[in-house]
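Take a look at the structure below.
The values are calculated or read from the model by the stated rules, or taken from the named source; none is laboratory data. Since we're looking at a predicted model, the values are computed, not measured. Note that each Cβ is placed from the backbone with ideal geometry, even for glycine, and that neighbours are counted across all protein chains shown. With ligands, DNA and RNA removed, areas are computed over all heavy atoms of the protein, side chains included. Shrake-Rupley method; radii C 1.70, N 1.55, O 1.52, S 1.80 Å.
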Amino acid sequence: MTALVVALVCGLASCSVIPVGMRSIVGENGRKGNPLGDPYARVIAVPPSPDWSAADVVNGFKAAMASVDDPGREVARKYLTDSFARTWNPQSGVTVYRQGEPPTVQIGEKDTRVTLKGTVTALIDQDGRYRPSGGPLNEPFVLVKGQTGWRIDSAPPGLLLSEADAERAYLKVDLYFLDDEEKGLVIDQVRVPIDPASNFAKTTVERLLRGPSSSLRGAVRSAFDGTRLIDVTTEDNRVVVDLTNRVAPELVGPMTAQLAGTLAGLTKGGWGFEVRVRGEPYYTDNPLTVDAQEQTRFDPWMAPGEIYPYYVADDALWLLGKDNTGQPVLGKAGEKDGTRTDMAISAHAQVAALSQKGTVLSVAPLATGGEWRQWATGKSLAPPCWDRYQTLWTVERPDDHTSRVIRIRDGQRYAVSAPDLDAVHVSLLKVARDGVHVAVVVRDGAGEQVKVGTVIGRGGATRVTNLQVVVPVEDKQRIRDIAWKDGKTLYVLTGKSDLLEVSLTGESKSLPSNTGIENITALEGSLLAGAVDDDDKRQILYWTSSKWEPRVKNENGRTDFADQGPAFPAYPLD
């Protein structure tokens, strides 16, 4: 990696970080396919000077905390008293902030207090999990003066980095792990500290081999157990990953899929991969080469290709064809029946639906002669969803303050342990196509919020845990619908028809919406919505990346809104 130097200049009255020479930050658009890393911004930390003021020392300490060239933060420790230096732990986590008004300085008889003020914007834990946060920053630094000048005797725990410092010091990566059955891939979004003694690819693979973050621990597996990383280099437009040991033969495919998925975001130019063991070919007489898109062959849901959506028209289930015209599905689900709603499609041509009163959950094969069969009953059932394991999920709600998560597979009904959901009202629950991440809409007196968590275990040992808020409650807010785009992104439709795109880490952005949108479904690059106009006529809209357009054509080739028109679109496993 090439370092772009950012010099630390400290004077008697101030201490600041300024860029010199080249630009201080190179964004993702600057990557030219070099998997060993882009130029990064380098902060040169310098020790404190005896003649610095207390405020200068705090500013210098802040800059030293941001220096990736000093991963042990040895220079930063020089700003601390001996006793505090022994207890301060820079690896205990990161608080990311946006500075507000200038720090305040309070001079006392025995010490001086410099208080940093601003807004907390995110937290990064020891696993590298990034979580947007909020609230005021009001952090005091207590300093005492000795023979060598002012030193910090008390400060906030861990690292305190500005948003710009965090961008310079951390690389955002998607780590790929195996699901419980070792047949699919699950993404773990983390921040990895930039290591100037290494390269981006090596740093990323080292983090991959450390295992998943705490949010996925127990829910995923790794093919790399029993081996360690020696190095990551390049050779003949190929990324070479050198390991200490071979993995079990049945894990070679999963291992290469994990590598290809994790490194694909760094290469950008379609580089292939090779795995070696202690510098030698993986196989005695043959190298182990890996295609740049190996992860999509291992797990088809990583790039699902042409999968067509379903929708409801004239009280029956229809399949939308390539020419944007539809036809009723085979079996009873394709016949007019106004008694069922909230349909969900499996990956194996089955449809689940609720009765109009939400008390009966039925399933029908999408095949000739496919009949509706009752799978579950309850006083109030949440709309169903399928996971990739042919398992049907719903939530039974005996009253407005109780929810019981249910999983049904091969006719067997299992109660899912979800302590965080027992005493709330779960409006919606949807499992992502990776079978591990789950999103829920939870309602309380203040409104509805969206949480994302993890599915761990099978059968009667299944539990939902690690729930984190990704869309907080806002003034009696209602959530109309949620839809997984992929294994790391969720679309959220609010009661005001606002549309949000939310990551697993809770980062979100708003998309242009349409006031008539009632529900949504998504699959990779396709986002569809069921919409109604002012005359209660219906149509399916699709997002073109710049605007909403009507999608379904009638027998005359038109896309007008219509009575009993297309509604409630649904992709499989949404």
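Some points to look at:
- For the chain, a crude dipole built from +1 on the beta carbon of Lys and Arg and -1 on the beta carbon of Asp and Glu, taken about the Cα centre, is about 800 debye to the nearest 20.
- Overall form of segment 287-442: oblate. Here a/c, set by the Cα gyration tensor axes a ≥ b ≥ c, is 1.5 or more, and a/b is not larger than b/c.
- Rounded to the nearest 10 degrees, the inclination of helix 54-65 to the longest alpha-carbon principal axis of the chain is 50 degrees.
- Dipole magnitude for segment 215-325: computed about the Cα centre from +1 point charges on Lys and Arg Cβ and -1 point charges on Asp and Glu Cβ, it is near 420 debye.
- Projecting the Cα atoms of THR377, ILE406, THR391 onto the dipole axis of segment 374-426, where Lys and Arg carry +1 and Asp and Glu carry -1 at the beta carbon, places THR391 farthest toward the positive end.
- The residues of the chain have, on average, 45 Å² of accessible surface per residue, using a 1.4 Å probe with all protein chains present.
- Added length on full extension, which subtracts the Cα-Cα distance from 0.36 nm per residue, LEU511 to ARG478: 10.1 nm
- The trypsin sites (Lys or Arg not before Pro) of segment 196-231 that meet both conditions, a loop assignment by DSSP and at most 15 other Cβ atoms within 10 Å of the site Cβ, are ARG217, ARG228.
- Taking every DSSP beta bridge that has both ends in the chain, the antiparallel portion is near 90%.
- Counted charge near LEU123, where neighbours are those whose Cβ lies closer than 11 Å (Asp, Glu -1; Lys, Arg +1): +2
- Cβ-based net charge around LEU381, under 15 Å, with every Lys or Arg adding one and every Asp or Glu removing one: +4
- Extreme residue, positive dipole direction of the chain, given options SER513, PRO550, GLY149 (C-beta unit charges): GLY149
- About the Cα centre, charge dipole magnitude for segment 30-180 (Lys/Arg +1, Asp/Glu -1 at Cβ), debye: 260 debye
- Unit Cα scatterers, Debye sum, the chain: log10 I(q)/I(0) for q = 0.05, 0.13 Å⁻¹: -0.27, -1.31
- Rounded if a/c under 1.5, otherwise prolate or oblate - segment 152-283, Cα gyration tensor axes: prolate
- The chain: angle of helix 200-210 to the longest principal axis, Cα-based, in degrees nearest 10: 70 degrees
- 5 Å binning of all Cα-Cα separations within segment 282-370, expressed as whole percents from 0 upward: 3, 12, 18, 18, 12, 9, 7, 5, 4, 5, 4, 2, 1
- Paramagnetic reach from GLU101 (point 7 Å along Cα→Cβ, amide N under 18 Å) across segment 119-137: 119-120, 135-137
- Applying both filters, DSSP loop and at most 14 other Cβ atoms within 10 Å, to the trypsin sites (Lys or Arg not before Pro) of segment 113-195 gives LYS183.
- Using the Cβ-Cβ distance between ALA446 and ARG404 with R0 = 30 Å, the FRET efficiency computed as 1/(1 + (r/R0)^6) comes to roughly 0.85.
- Segment 364-480, accessible surface, carbon-and-sulfur percent (1.4 angstrom probe): 43 percent
- In segment 334-442, the trypsin sites (Lys or Arg not before Pro) that fall in loop regions by DSSP, at most 10 other Cβ within 10 Å: LYS336
- Net charge contributed by nearby residues that have their C-beta within less than 9 Å of ALA522 (K/R +1, D/E -1): -2
- Computed FRET value (nearest 0.05) for ARG113 with SER92, which takes r as the C-beta separation and R₀ as 25 Å: 0.65
- Across the options PHE224, MET343, GLY261, the greatest Cα extent toward the positive end of the charge dipole of the chain (unit charges at beta carbon of Lys, Arg, Asp, Glu) belongs to PHE224.
- Cα shape, segment 396-452, gyration tensor, a/c 1.5 rule: oblate
- Degrees between helix 252-267 axis and first principal axis of the chain (Cα, 0 to 90, nearest 10): 60 degrees
- For segment 90-131 versus segment 380-403, the spacing of their alpha-carbon centroids is 42 Å.
- The chain, helix-only ellipticity at 222 nm - DSSP H runs n ≥ 4, -39,500 (n - 2.57), divided by all residues, nearest 500: -3000 deg cm²/dmol
- The Rg/Rh ratio for segment 415-516 is 0.97, where Rg is the radius of gyration of the alpha carbons and Rh is the Kirkwood radius.
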